[in-house]
1. Residues in the range 179-202 near a label at Ser23, defined as backbone nitrogen under 14 Å from the 7 Å Cα→Cβ point?
2. Could you check the spin-label model distance between Cys189 and Val209? Points 7 Å from the Cα along Cα→Cβ, value in nm.
3. Short version: ³J(HN,Hα) in whole Hz for each residue of the range 188-195, in order, from phi by Karplus 6.51 cos²θ - 1.76 cosθ + 1.60 (θ = phi - 60°), x for Gly and Pro, what are they?
4. For Ser72, Ser236, which order do you get if you count the other beta carbons within 10 Å of each Cβ and list the fewest first?
5. Would you pull out the residues with amide H under 5 Å of Arg164's amide H, same chain only if 5 or more places away, H placed 1.01 Å from N?
6. Suppose we keep just the DSSP beta bridges with both residues in the chain; what percent of those would be antiparallel, to 5?
7. Once you sort the root eigenvalues of the Cα gyration tensor of the range 64-214 as a ≥ b ≥ c, which label holds: rounded (a/c under 1.5), prolate (a/b larger than b/c) or oblate (the other case)?
8. Past 20 Å, Cα to Cα: identify those pairs from Lys77/Lys206; Lys45/Lys93; Lys45/Lys245, in the order given.
Amino acid sequence: MSTPGSYSNDRAAWLKGPGHRCSEAPARGKRVWRLVLLGPPGVGKGTQAQLLCDELGSCHLSTGDVFRAARSMEMDKASPAMVTAIECMVGGKLVPDLTVVNLVKERAKCLRCVGGFLLDGFPRTAAQAGSLEEILQSQGVTLNAALYFELPLEQLRTRLSGRRTCGRCKAVYHVANRASAVAGVCDTCGGDLVQREDDREEAIEKRMVAYNLTMEPLLTFYAERKLLMRISAAGSPDQVFTRVKVALGLPIHE
Ligand code: AP5
């Protein structure tokens with residue numbers, strides 16, 4: 001199994017804004033994958049994105065990561081829209097559609113990258129899905145699939161409460177299921193592992209409510225376009241990843 005964070009895409013342009021460039025050019029010539037990862041908080045979208053990055057070379061683009069990166073900058077340097085977005089995120093509420101869509105539009109060059117992309121956390125509403133469709137059309141590219149990960153609520157809570165994330169490279173761990181070799185230290189870059197603010201119990205409840213209100217229309221959107229693939233997120237990350245590879249028709253390595 002690959003280790004968390006071992007993929008080489010640094011996502012610099014995506015996380016730091018439209019003016020930034022990635023330090024490594026993506027490889028050309030391979031099949032280009034453009035995927036959307038859907039599912040409730042804590043189901044393992046980020047974890048599967050890391051594994052898919054290793055396999056496909058596509059870049060992992062997370063709107064949640066952008067808001068968390070913005071949170072770590074000084075608030076007086078953030079735009080009013082970003083200040084609102086950060087407040088929503090910390091409280092477990094969804095960021096307004098317009099703010100998220102504008103953020104993705106600003107970074108449209110990441111979506112037409114020859115390396116492809118794995119969109120994690122966007123779209124989250126049918127309105128965002130419609131906007132993404134328009135952005136992709138304007139960039140002359142199309143989605144290959146929308147992967148929807150499913151898991152019972154109790155298991156989601158366990159995954160969220162034990163999650164730890166590297167503050168530097170954003171690799172995702174779990175204190176019991178996917179522990180780092182040295183407690184609190186990232187295996188890949190040596191950064192500190194931290195607990196996310198929105199993994200507090202009150203915020204988790206609000207995130208689940210927001211998810212339940214928006215997910216059905218989103219699933220209908222992708223089902224109507226014959227892009228939706230439902231995947232059970234039960235079992236270990238590797239077991240889930242094998243299901244993903246089967247769904248996408250990728251080779252299974254023993
Ligand atoms: P975001 O960062 O997108 O969070 P989320 O969707 O709530 O998803 P998570 O990152 O919590 O979970 P995940 O599915 O990636 O799980 P992970 O792989 O980490 O968004 C955060 C906030 O930003 C939102 O609440 C909102 O405010 C705002 N926002 C972002 N995008 C937005 C948008 N488009 N519109 C509006 N607002 C937006 O796994 C979880 C844990 O489980 C880890 O510890 C992992 O190690 C472990 N784990 C994973 N897989 C397994 C497995 N198979 N078995 C056991 N453990 C596992």
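No value in this document is a laboratory result; all are computed from the given coordinates. On a predicted model such as this, the values are computed, not experimentally measured, just so you know. Positions of Cβ are generated from backbone atoms using ideal geometry, with glycine treated the same way; all protein chains shown enter the neighbour counts.
1. Backbone N within reach: 189-191.
2. About 3.4 nm, to one decimal.
3. 7, 10, x, x, 6, 8, 10, 8
4. Ranked by crowding around the Cβ, least crowded first: Ser72, Ser236.
5. Tyr173, His174, Val175
6. Percentage antiparallel, nearest 5: 30.
7. Taking the square roots of the gyration eigenvalues as a ≥ b ≥ c, the range 64-214 is rounded.
8. Lys77/Lys206
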